[in-house]
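The values are calculated or read from the model by the stated rules, or taken from the named source; none is laboratory data. Small disclaimer: the values here were computed from a predicted structure and weren't measured. Ideal geometry is used to build each Cβ from the backbone, glycine not excepted, and the neighbour counts take in all protein chains shown.
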Amino acid sequence: MRNLVDKPSEVFDRDFEWSALARFIADDQPGATLGVVSGRRRQGKTYLLEAACQAAGGFYFGATEATDAESLRHIGNALTAHLSPPSPFHFADWSEALSVILDLGRDQPVPVVIDEFPYLIKGNPELPSLIQQALSPFGHARTSTKTRLLLCGSALAVMGKLLSGSAPLRGRAGPGTRHTPAGLPARGAVLGH
Ligand SMILES: Nc1ncnc2c1ncn2[C@@H]1O[C@H](COP(=O)(O)OP(=O)(O)OP(=O)(O)O)[C@@H](O)[C@H]1O
Ligand SMILES: [Mg+2]
């Protein structure tokens, strides 16, 4: 992986968040890890995550308000553009997309950002559970991937819930992230609160 320690010069401030992200992304432990990034609108979440993906050769996907089928088509197109496979991806369901995402990290830690994640949940409420399955120790060859998956969204009500209490993704967040003063009840990295 390219060196992520040095923050690109066009990114102002955010030294704390950058180093937390860099630690999370560069973590060499086997197995996929999950981070949740949340914060108010226009605080620089997307900017920082895109810069980190660029610096580390990762994959960034910004979801839109779309149906589930459209979102699957969009991420299929984006992964096709990213990987240039012999034939384009046409995902029938999210398990197929997640399998490709986990495969991205098979050789080394690679950040994968899914931004505006609440739009995807709106289109498919099962998605957090599907991610849990894919990341579970018994799921898709968990130890043979080092994908560093970052789910991002500004709706704290939705993003905070992902990791709280009995939510499907609780306990899957990796280290190197922090609590928010607003009280996100798990290890989500939080910008702008
Ligand atoms: N650290 C930074 N250095 C330089 N410019 C920044 C930085 N953070 C944010 N910006 C500028 O502020 C703009 C808004 O940030 P951004 O779109 O990343 O916010 P956001 O938190 O993702 O908002 P939303 O929740 O609406 O998606 C960016 O397009 C960028 O130009
Ligand atoms: Mg954004």
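Identify, by number, the condition in (1) small (Gly, Ala, Ser); (2) part of a helix (DSSP H, G or I); (3) farther than 23 Å from Leu156 by Cα that Ala52 doesn't meet.
(3)
Determine whether the stretch 40-57 contains at least one residue that is within 19 Å of Thr147 (Cβ to Cβ), under 17 Å from the mean Cα position of the chain (by Cα) and away from ligand 1 (no atom under 16 Å from the Cβ).
yes
It is to be established whether one or more residues within the stretch 76-95 are within 16 Å of ligand 1 (Cβ to nearest atom) and exposed (fewer than 15 other Cβ atoms within 10 Å of the Cβ).
Scanning the stretch 76-95 turns up no residue that is within 16 Å of ligand 1 (Cβ to nearest atom) and exposed (fewer than 15 other Cβ atoms within 10 Å of the Cβ).
Please go through the stretch 20-50 and give me each residue that is more than 9 Å from ligand 2 (Cβ to nearest atom) and free of Cβ contacts under 8 Å to residues at least 60 places away in the same chain, ordered by number.
Ala22
Answer yes or no as to whether Ala69 is farther than 22 Å from Phe12 by Cα and away from ligand 2 (no atom under 16 Å from the Cβ).
In short, yes.
Confirm whether Glu10 is at pLDDT 95 or above and among the acidic types (Asp, Glu).
no
Out of all the residues in the stretch 109-131, is one or more assigned to a loop (DSSP other than H, G, I, E, B) and either basic (Lys, Arg) or closer than 12 Å to Leu151 by Cα (or both)?
Pass one, the stretch 109-131, residues assigned to a loop (DSSP other than H, G, I, E, B): 109, 116, 124-126.
When the remaining residues are screened for being either basic (Lys, Arg) or closer than 12 Å to Leu151 by Cα (or both), the result is 116.
Within the stretch 109-131, one or more residues are assigned to a loop (DSSP other than H, G, I, E, B) and either basic (Lys, Arg) or closer than 12 Å to Leu151 by Cα (or both).
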